[in-house]
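J.: Below is one structure. I have some questions about it.
The values are calculated or read from the model by the stated rules, or taken from the named source; none is laboratory data. All values derive from a computational prediction rather than experimental measurement. When we count neighbours, we look across all protein chains shown, and the Cβ atoms used for this are built from the backbone with ideal geometry, even at glycine. With ligands, DNA and RNA removed, areas are computed over all heavy atoms of the protein, side chains included. Shrake-Rupley method; radii C 1.70, N 1.55, O 1.52, S 1.80 Å.
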Number of protein chains: 2
Amino acid sequence: MAGKKVLIVYAHQEPRSFNGSLKKVAVDELSKQGCTVTVSDLYAMDFEPRATRKDMTSALSNPEFFSYGVEAYEACKKLSLTSDIIDEQKKVQEADLVIFQFPLYWFSVPAILKGWMDRVLCQGFAFDIPGFDDSGFLQGKLALLSITTGGTAEMYSKTGVSGDFRYFLWPLQHGTLHFCGFKVLAPQISFAPEFVSEEERKGMLASWSQRLKTIWKEEPIPCTPPWYFGQ
Amino acid sequence: MAGKKVLIVYAHQEPRSFNGSLKKVAVDELSKQGCTVTVSDLYAMDFEPRATRKDMTSALSNPEFFSYGVEAYEACKKLSLTSDIIDEQKKVQEADLVIFQFPLYWFSVPAILKGWMDRVLCQGFAFDIPGFDDSGFLQGKLALLSITTGGTAEMYSKTGVSGDFRYFLWPLQHGTLHFCGFKVLAPQISFAPEFVSEEERKGMLASWSQRLKTIWKEEPIPCTPPWYFGQ
């Protein structure tokens, strides 16, 4: 939709990968709509995943006992977080929609993207304690996980060896995005692109592109247990 | 138990933290039993979390199209993974029990520990496809997650705002450890150590130490859905 701002946080090493193609499709379709699209290409940026005292550029509030959470909160308030964090926070702040594009590593995000979440979504920027109960600071923003898997859709079903794909979404969609106030759109899961035909891969890209045409009309999904666990 | 080997993969920045104390308690108690205890202190090692082509020290099998999973598998077979990965794999290979000691970050492990999982537990070392069905290579080994949380036990109950703590364990215990063949012992969760009294913190350390006295007699927990989701 013209005027909307989209941030794509992209975590794949190879531009010609299927993840790279999904990212490109999103950039193309959203740009065509008149959206402003920004990409954080984490591997190309050599983004730092480790949460350390290097993230604070001014004196620590307690140099004798380092607590990352406490110091990040203080540094956030004093605007003294390191610039790579502040740059990402600005991109999130300006975005109407944040798309995370990544391959599933161990039922979760790759470490480089986990580091983005650990460092960028700090207290003071993305939430304040206690969180949940609609107190996250990123309200009014949409988030969407676009994921590729090694396993097939059948493996990620309730009776499959990997269990329902909703199970692995819980820490990301509920524990992270919902906590920060995002409204979460349904995940876009491209199952086992390595193991399907070229034709099917093209179909996956086309359906992602098609979905993006009406993405601004979508309703968020519930981020509470029944959706995840079918209870 | 005398003669047993234990690896503690430890992810906290501050030696004087409660995580540091839990680690120290484990080293002390297990050493006293006559175990050989090795600690991988990830922040002190400045452990690399990013999965990149720097992890392969010989020519890539496909330099035109980089697939981390494919190249790590090939490099593993050719013994040409980078030395920090091989060092950790050796420690895992020798261990009877691997304890992961970390604070919960976004319902999961800190990025530095996620990177350890992404890079160390590669195909060819920890599993071969398809995985599950007891085909993981790390069979005969025990694994245990020792976690500190910000939230209270009540928050991590089925009706609490954070949901049952078993939900966030799924990607780690089922999706990662069980997949690799580990037998998983019950997690040791120290809830909200920051928000309890000094007395209660001492109680948590004592109960961890006490548990470790009989750790070798424990039965593994189930790593399949009913335990996680109460279905």
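J.: Could you say whether any residue in segment B:167-183 is more than 22 Å from residue A:110 (Cα to Cα) and touching a strand residue (DSSP E or B) at 6+ places or on another chain (Cβ under 6 Å)?
T.: There is at least one residue in segment B:167-183 that is more than 22 Å from residue A:110 (Cα to Cα) and touching a strand residue (DSSP E or B) at 6+ places or on another chain (Cβ under 6 Å).
J.: Being among the acidic types (Asp, Glu) and in contact (Cβ under 8 Å) with a residue 40 or more places away in the chain, is that true of even one residue in segment B:116-134?
T.: Within segment B:116-134, one or more residues are among the acidic types (Asp, Glu) and in contact (Cβ under 8 Å) with a residue 40 or more places away in the chain.
J.: Give me a count of the residues in segment B:211-231 that are open to solvent by 40 Å² or more (accessible area, probe 1.4 Å), more than 23 Å from residue B:102 (Cβ to Cβ) and within 12 Å of chain A (Cβ to nearest Cβ).
T.: Looking only at that region, the number is 4.
J.: Next up: Could you please tell me which pairs satisfy a Cβ distance under 6 Å, a separation of 6+ or placement on different chains, a first residue in segment B:28-55 that is more than 14 Å from chain A (Cβ to nearest Cβ) and under 16 Å from residue B:92 (Cβ atoms), and a second residue that is open to solvent by 40 Å² or more (accessible area, probe 1.4 Å) and of a type in the set (Gly, Ala, Ser)?
T.: B:37/B:31
J.: Okay, moving on. Please find, within segment B:1-20, the residue that is farthest from residue B:117 (Cα to Cα) out of those that are in contact with a Pro (Cβ under 9 Å, 6 or more places away or on another chain) and in a helix (DSSP H, G or I).
T.: Step by step, filter segment B:1-20, then rank; the result is B:18.
J.: Which of (1) farther than 23 Å from residue B:194 by Cα; (2) among the charged types (D, E, K, R); (3) in contact with a helix residue (DSSP H, G or I) (Cβ under 8 Å, 6 or more places away or on another chain) is the odd one out, the single condition residue B:32 does not satisfy?
T.: (3)
J.: Do we find that residue A:135 is in contact with a Ser or Thr (Cβ under 9 Å, 6 or more places away or on another chain), of a type in the set (Ser, Thr, Tyr) and under 30 Å from residue A:165 (Cα atoms) in this structure?
T.: It is false that residue A:135 is in contact with a Ser or Thr (Cβ under 9 Å, 6 or more places away or on another chain), of a type in the set (Ser, Thr, Tyr) and under 30 Å from residue A:165 (Cα atoms).
J.: Here is a further query. Give the number of residues within segment B:126-138 that are open to solvent by 20 Å² or more (accessible area, probe 1.4 Å), more than 21 Å from residue A:109 (Cα to Cα) and either aromatic (Phe, Trp, Tyr) or at pLDDT 95 or above (or both).
T.: Result for segment B:126-138: 1.
J.: Name the one entry in A:70, A:109, A:98 that is open to solvent by less than 10 Å² (accessible area, probe 1.4 Å) and either more than 8 Å from chain B (Cβ to nearest Cβ) or in contact with a Gly (Cβ under 7 Å, 6 or more places away or on another chain) (or both).
T.: A:98
J.: Could you tell me how many of the residues in segment B:163-179 are in contact (Cβ under 8 Å) with a residue 60 or more places away in the chain, within 15 Å of residue B:226 (Cα to Cα) and within 13 Å of the chain's Cα centre (by Cα)?
T.: 1
J.: Another question about this same structure. Can you go through B:77, B:91, B:24 and tell me which one is among the basic types (Lys, Arg), more than 21 Å from the chain's Cα centre (by Cα) and more than 13 Å from chain A (Cβ to nearest Cβ)?
T.: Answer to the selection: B:77.
J.: What is the residue count in segment B:192-227 for residues that are within 18 Å of the chain's Cα centre (by Cα) and closer than 21 Å to residue B:151 by Cα?
T.: So the count comes out to 1.
J.: Which number in (1) among the β-branched types (Val, Ile, Thr); (2) open to solvent by less than 10 Å² (accessible area, probe 1.4 Å); (3) under 15 Å from the mean Cα position of the chain (by Cα) marks the one condition that residue A:189 misses?
T.: Just one mismatch for residue A:189, condition (2).
J.: If you go through segment B:193-210 one residue at a time, do you hit one that is open to solvent by less than 30 Å² (accessible area, probe 1.4 Å), part of a loop (DSSP other than H, G, I, E, B) and within 14 Å of chain A (Cβ to nearest Cβ)?
T.: Taking every residue of segment B:193-210 in turn, none turns out to be open to solvent by less than 30 Å² (accessible area, probe 1.4 Å), part of a loop (DSSP other than H, G, I, E, B) and within 14 Å of chain A (Cβ to nearest Cβ).
J.: Suppose we filter A:52, A:82, A:57, A:38 for residues that are surrounded by fewer than 22 Cβ atoms within 10 Å (Cβ to Cβ), modelled with pLDDT of 95 or more and touching a Leu at 6+ places or on another chain (Cβ under 6 Å); which single one remains?
T.: That would be A:38, the only listed residue that is surrounded by fewer than 22 Cβ atoms within 10 Å (Cβ to Cβ), modelled with pLDDT of 95 or more and touching a Leu at 6+ places or on another chain (Cβ under 6 Å).
J.: May I pose another question? Is one or more of the residues making up segment A:159-174 open to solvent by 10 Å² or more (accessible area, probe 1.4 Å) and hydroxyl-bearing (Ser, Thr, Tyr)?
T.: Yes: segment A:159-174 contains one or more residues that are open to solvent by 10 Å² or more (accessible area, probe 1.4 Å) and hydroxyl-bearing (Ser, Thr, Tyr).
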